[in-house]
Each structure stands twice: as C-alpha cells, then as structure tokens.
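Since every read-out is calculated from the coordinates, none of them should be taken as a lab result. Since this is a predicted model, take the numbers as computed values, not measurements. Note that each Cβ is placed from the backbone with ideal geometry, even for glycine, and that neighbours are counted across all protein chains shown.
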Amino acid sequence: EVIEGQPLLIGTATPRPHVRVSTREGRWLKQFAGEIRVSETDHQIVRLDMRALDDVSIGWGIVGRVHKGSRFVFARRKIENAWLPSEVTFDATGRTLLFRRFHIATTTTFSDYQRADPGDRAGRGR
C-alpha cells in the first residue's frame, strides 16, 4: 500500500500467549491485537491500530479496567525528514476505582508543524 507517497508494509500484531513478559506494560500489551503499517523505506511505524482482546486490569482491577473491544490508534506522518505524530485516537470503555464507569471517544490531530529556530528561546522555562 502507498499512502502520501510512502510505500508501506502491512502486518498484524497478535499476542503470543506463552511468551513471558517482565513489565506490567508488557502484560497489558499481551491483551491487544491489531494492524501495524511500517514505512518500507524508513522502517518507521506509520500507523498502529490495536483492540483489546479481553478486559485489561490495572492495579488488579482496583485502579481501573479497560473493557474488551476498546481501541487505540496512533498515526505518524513524515514531515521533511522527521516522523511526527499526526493523529491519536482512543475509543474505550471501562471503569475506574471499582465502580465509576467511563467511555472515552477522542481523537487528537496534530498539524501545522513549524521548524524551531535553535537561537529562539521563546517558550523555554526560565
């Protein structure tokens, strides 16, 4: 597939149930599957689209739980020679602190990137 002039490789990401992970993030990711698109020329992730295969517990389910079917999409675009975020989407349901239910459906779009002037100190903390 070619998007915005970039030839892409498309693959699927599925968890391997018997692989041991040592981090909590790794345990969470083992409960997601989806599609990944990678730039064939730069070997950079262009788009990651993942869905929860099962409920994902955070802090034994006490802190929170993200329900099965929740979706996360992360997309990047090549601007000049840098791969920068172009869109992040969350569409998730779950609960926090055992009882409080939530539904998040949000998309953040990034655009109008401008090159920073190294001599400009505007916006830096003092």
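In this simple spin-label approximation, Arg16 and Arg115 carry label points 7 Å from Cα along the Cα→Cβ vector, and these lie 4.3 nm apart. Where Rh is the Kirkwood radius over the Cα pairs of the stretch 28-95, the temperature 10 °C and the viscosity 1.306 mPa s, what D in µm²/s does Stokes-Einstein return? Stokes-Einstein gives a translational diffusion coefficient of 120 µm²/s.
From largest to smallest, the equivalent ellipsoid semi-axes obtained for the stretch 1-63 from the alpha-carbon gyration tensor read 29, 12, 10 Å. In order along the stretch 2-17, phi translates into HN-Hα couplings of 10, 10, 6, x, 9, x, 10, 9, 10, x, 10, 10, 10, x, 9, x Hz, rounded to whole numbers, per the Karplus curve 6.51 cos²θ - 1.76 cosθ + 1.60 with θ = phi - 60° and x for Gly and Pro. For the chain, a Kirkwood radius taken over Cα pairs fed into Stokes-Einstein (4 °C, viscosity 1.567 mPa s) yields D = 76 µm²/s. Remark on Leu53: its backbone amide H falls under 5 Å from those of Phe32, Ala33, Gly69, a criterion applied only to residues 5 or more positions apart or on other chains, H modelled at 1.01 Å from N. For Ala33, the shell of other residues with beta-carbons less than 12 Å away shows a net charge of +2, using +1 for Lys and Arg and -1 for Asp and Glu. Sorting 88-96, 24-32 by average packing, meaning the other beta carbons within 10 Å per residue, from highest down gives 88-96, 24-32. Approximating the spin labels as points 7 Å out from Cα along Cα→Cβ, the Leu97-to-Thr23 distance works out to 2.8 nm. Residue separation of Glu80 and His43 scaled by 0.36 nm, minus their Cα-Cα distance, works out to 11.7 nm of gained length.
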